[in-house]
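Structure provided below as structure tokens; questions to follow.
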Amino acid sequence: MSEPNRRSQPGSGRDQLILFALGIGGVLVLVGVYLAFRVGSEWDGVNADTRENPVKAFFGIGSGSVLWPGSATLLLIGAAVLLIAAAVLISIPVRRASKKRTRVDRFSRYMGQGSALAAYTDARALRAKAEKFGGTWTGVSVGRTVVGNREFVSGLEEVYMEIAGPRTGKSTSRCIPAIVNAVGAVLSTSNKRDLVDSTRDIRAQRGPVWVFDPQQIAMEPVTWWWNPLAYIVPEPMDPRYKTALMTADVRAAKLASHFANGSKADGAKGDAFFEPKGENLVKSFLLAAALDQRSIIDAYMWTTEISVTEVVDILTGHGFITDAASVRGNDNAAPDQRSGVFETAAKMLACLQYAQIRPWITGAGPYDSRPRFDAHEFVRSTGTLYSLSREGAGTASTLVTALTAEVAEAAEAYATEQGGRLRVPMVCVLDEAANVCLWRELPQLYSHYGSRGILLMTILQAWSQGVRVWGKEGMDQLWSAANVKVYGGGVDEEDFLGRLSRLIGNYDKETSTVTHSRQGRSTSFQLQRQAIMEIGDLRALPRGRAVVLASGAPATMVRTIPWMETEHADAIAASVRAHDPGAQKTLTDLEKEAAKVRDEQQKWERTWA
């Protein structure tokens, strides 16, 4: 009869360690007793014939034929006191570390550690790279490795992507610290006000702060405005004006794509005939409004006009004859076709019809004293741009996408001026990217933005969110292009978790089988390949832990660091108190969550250690 080995069950490894420790302890006790006997014998001048023979000494003491010196007892007592003191001193950091362990930490011993992660954890190498690029900031901190307790950094040439479910500490442990620690310009998107409230006072000490809040998520007053059409054609006095005219239609097409993508954020497939024509009509309307230095609201108004000969005249007058011909063709099409194309265009520009949005994207005439946001000036500063929007009626997500893309493109142009990359990196925290920043071209841009010094951090709540926005191939491309990929738990998607489990890899588990027969008892050993983390383990990943997959390194597990444990904790808390209407509740809830995480870690340490 065969019996399977149970050593892989929780606690069995601990039992082996206890037995090993007891064996080593027994040997040390025997050695200590003999040394005390020998030194004590020399001090007391006795047992000269047995000092060099441990076996004779032990048997002699046991039989009473050898004298046990009194000073040896004093030596043993002194040694015991020293050992107890050392054990207490050692146990304090060990106990502190054990309280930070979780049920999944046992997997980390099979994952990347030490020199295998040097590109991301070697502080000296990271500083050398920073100095090479002309600075001291090393990059975005992801957390500290469970094995080795070394800071894991997404560096100055890496782009970052994270998938983590709701209430897993994304903002607390990754977004807020990244914004606070950035040394250059920062761009942030979100559908909540927490990033703004937590970091704006700290960022205001480094540069101007711009909060784009058309839906009044943070109740921000409209103290400035941004003209989306300036991306297509700047004002005539702008030095970029003449150059921009030559490629204005290309930028109009890019801006139109943001409106088109935003109009189908629910993932529904558009009509194969009307969608392309509607997007092309939006492109022509945006181009005409920009060329004539009009408001972007005019582009929406043209979708409701009976005739758009005015648009045709503007485009023709500036030499964009193909766009003029396209508008004329749609205007003169059969009534049903014309209606379908214009209605599709109106749907794409629908966000422009809301009164609360207009002041953010239109000037109030010659007496408007509000500053106008300029993306090219922003990327040359150390300022911060927070863009907020929310799903549903009146959403400004299309405008958030357009503003984000414009800033990124301006940063790319500035990087080119500086020799290929920004001397001071710009950090872009795209929180809730699949809901508020529906940037169609993002997967294609990811592959080279890191080398430009534009450090993108795209954060999603689920793999399916990304598929909804970019499609399966686009999401695959985005995931593959990210140099640092983070899974923060809270996801219940079997396909994604299975993929992640395979990427983390396998280990060789030794099992044994005991066979009983007439000839006696025999044991055979086998090696079995097993996933380091199964789907169930990943699904149940606790708060405070994240799995990191970085280019050129094995997967590893990190302990995430909430902002309450950083050097900026007091400043962040002060910013929350100054701007969050429910600051006391916010800070209390954060402390309760942190305490809950600590309690879970202690509970699982007692269960699994």
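For segment 197-278, what is one quarter of the convex hull surface built on the Cα atoms, given in nm²?
Details: hull surface 35.1 nm².
The orientation-averaged projected area of the Cα hull of segment 197-278 comes to 8.8 nm².
Can you put ARG559, ARG167 in order of Cβ neighbours within 10 angstrom, beginning with the fewest? Don't skip to the end; give the middle numbers.
Numbers: ARG559 20, ARG167 11.
The fewest-first ordering by Cβ neighbours comes to ARG167, ARG559.
Return a whole-number percent for the relative contact order of the chain, with Cα pairs under 8 Å and 6 or more residues apart as the contact set.
Numbers: 970 pairs, mean separation 143.8, N = 609.
Relative contact order, the chain: 24 percent.
For segment 365-435 and segment 277-331, what is the separation of their C-alpha centers, rounded to whole Å?
Segment 365-435 and segment 277-331 have Cα centres separated by 26 Å.
What's the exposure ranking of THR515, THR556, THR382, THR145, going from fewest to most Cβ atoms within 10 Å?
Details: THR515 13, THR556 28, THR382 17, THR145 23.
Ascending Cβ contact count within 10 Å gives the list THR515, THR382, THR145, THR556.
Restrict the search to segment 357-428; then list the chymotrypsin sites (Phe, Trp or Tyr not before Pro) that DSSP places in a loop and that have at most 15 other Cβ atoms within 10 Å of their Cβ. Walk me through the numbers before you get to the answer.
On the way: sites: TRP360, TYR367, PHE373, PHE378, TYR386, TYR414; in loops: TYR367, PHE373.
Passing sites in segment 357-428 are TYR367.
Nearest 10 degrees, 0 to 90: what angle lies between the long axis of helix 397-417 and the longest principal axis of the chain (Cα atoms)?
Relative to the chain, helix 397-417 is tipped by roughly 80 degrees.
Okay, moving on. Of all alpha-carbon pairs in segment 277-434, indicate the percentage at a distance above 24 angstrom. Could the numbers behind the result be given before it?
Values: 5874 of 12403 pairs.
Percentage above 24 Å: 47.
I would also like to ask the following. Scan around ARG545 for amide H atoms under 5 Å from its own, H built in the peptide plane at 1.01 Å from N, and keep only partners 5 or more places away or cross-chain.
Placed amide hydrogens put THR560 under 5 Å from ARG545.
If you stretched the chain out fully between THR316 and GLN418, how much longer would it get, using 0.36 nm times the residue separation minus the C-alpha to C-alpha distance? Mind dumping the intermediate values first?
Values: separation 102, 0.36 × 102 = 36.72 nm, distance 3.72 nm.
Between THR316 and GLN418, full extension yields an extra 33.0 nm.
Next question, about the same structure. Mind checking the angle between helix 194-204 and the chain's longest principal axis? C-alpha axes, 0 to 90 degrees, to the nearest 10.
Long axis of 194-204 versus the principal axis of the chain: about 90 degrees.
Okay, next question. Got the relative contact order for segment 228-361 handy, in percent, Cα pairs under 8 Å and 6 or more residues apart?
Values: 140 pairs, mean separation 36.6, N = 134.
Relative contact order comes out at 27 percent.
Can I ask one more? For the chain, what proportion of DSSP beta bridges, expressed in % and rounded to the nearest 5, is antiparallel?
The antiparallel fraction comes to roughly 50 percent.
Kirkwood hydrodynamic radius for the chain: how many Å is it when counted over pairs of different Cα atoms? List each step's numbers first, then the result.
On the way: mean 1/r = 0.0350 Å⁻¹.
Across the chain, the inverse of the average 1/r is 28.6 Å.
Can you give the charge dipole size of the chain about its Cα centre, rounded to the nearest 20 debye, using +1 on the beta carbon of Lys and Arg and -1 on the beta carbon of Asp and Glu? Please report the intermediate quantities before stating the final value.
On the way: 69 positive and 65 negative charges, 486 e Å.
So the dipole magnitude of the chain works out to roughly 2340 debye.
OK, next. Would you mind checking the radius of gyration and Dmax of segment 331-395 based on alpha-carbon positions, in Å?
Cα only, segment 331-395: 17.6, 53 Å (Rg, Dmax).
If we count every other residue with Cβ under 13 angstrom of SER389's Cβ, Lys/Arg +1 and Asp/Glu -1, where does the sum land?
Working: positive: LYS192, ARG193, ARG390; negative: ASP213, GLU220, GLU391, ASP431, GLU432.
In short, -2.
What distance in nm lies between label points placed 7 Å from Cα along the C-beta direction at GLU42 and LEU19?
About 3.8 nm separates the two model spin labels.
Semi-axes of the equivalent ellipsoid of segment 228-361: what are they in whole Å, largest first, if each equals the square root of 5 times a C-alpha gyration tensor eigenvalue?
Ellipsoid semi-axes (Å, largest first): 23, 18, 13.
Let me ask another. Which of SER480, SER65, SER389 has the fewest other C-beta atoms within 10 Å, and how do the rest follow up to the most?
Ordered by Cβ neighbours within 10 Å, fewest first: SER65, SER480, SER389.
Throughout, read-outs are computed from the coordinates displayed, never taken from laboratory work. Note that the structure is a prediction, hence the values are computed from the model and not measured. Using ideal geometry, Cβ is built from the backbone for each residue, glycine included, and neighbour counts are taken over all protein chains shown.
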